[in-house]
């Protein structure tokens, strides 16, 4: 005897064989940024002398000259990362570093700003704020990835609102001539300390001079 099953629910019957499996979605594991800290070595830290990677400014105006990489890297080097995405915070940090650049040099160091964006807006910003800074363009974020302040696995918009594209953290480091990190500041919440930066440059320069005279 045949029986008839009546579907009293509002949902229709379906056959499992009718389900078409969707293609697997690529999964990218989350790996939080772990910025390099004081005491770490960066033996692979390099800069290229390609002319298009550099831009120099003095009192807001662009200048041109030879790129003396050996001289730049033979002294303690302050490197700071800038992006227009950081808006006023980024500009304030550029102004702060510009204000202490003379002291950095007087204590035996050099200052370099690293950015990915080579745009006319940068020239306008430097001119309007009368900055005397050297910029190095790192479009592929190679240096930022070496310092672990940039990663596709942990884009900055996960941490901060108002960021449209993934950019490096606005971090600042001091490297000695041996590529050791002697100062690191990769925190957004705390202010960059002028005294700590200059002190790190002075101590690294003094240690380098003692080593050469030994």
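When restricted to residues that are exposed (fewer than 13 other Cβ atoms within 10 Å of the Cβ) and in contact with a helix residue (DSSP H, G or I) (Cβ under 9 Å, 6 or more places away or on another chain), the range 117-138 contains 2. The range 51-97 holds strands (runs of 3 or more DSSP E) entirely within its bounds, and those carrying 1 or more residues that are surrounded by fewer than 20 Cβ atoms within 10 Å (Cβ to Cβ), modelled with pLDDT of 90 or more and more than 15 Å from the chain's Cα centre (by Cα) map to 54-58, 61-63. Look at (1) in contact with a helix residue (DSSP H, G or I) (Cβ under 8 Å, 6 or more places away or on another chain); (2) part of a strand (DSSP E or B); (3) farther than 21 Å from residue 148 by Cα and you find that residue 114 fails only one, number (3). Restricting attention to the range 164-198, the residues that are free of Cβ contacts under 8 Å to residues at least 60 places away in the same chain, over 17 Å from the mean Cα position of the chain (by Cα), under 15 Å from residue 79 (Cα atoms) and not in a loop (DSSP other than H, G, I, E, B) total 1.
Here residue 154 meets each of (1) within 16 Å of residue 35 (Cα to Cα); (2) at pLDDT 90 or above with one exception, condition (2).
Within the range 120-160, the set of residues being over 18 Å from residue 87 (Cα atoms) and part of a helix (DSSP H, G or I) comprises 142, 143, 144, 145, 146.
The values are calculated or read from the model by the stated rules, or taken from the named source; none is laboratory data. A quick note: this is a predicted structure, and the numbers were derived from the prediction, not measured. For neighbour counting, all protein chains shown are included, and Cβ atoms are generated from backbone atoms with ideal geometry for every residue, glycine included.
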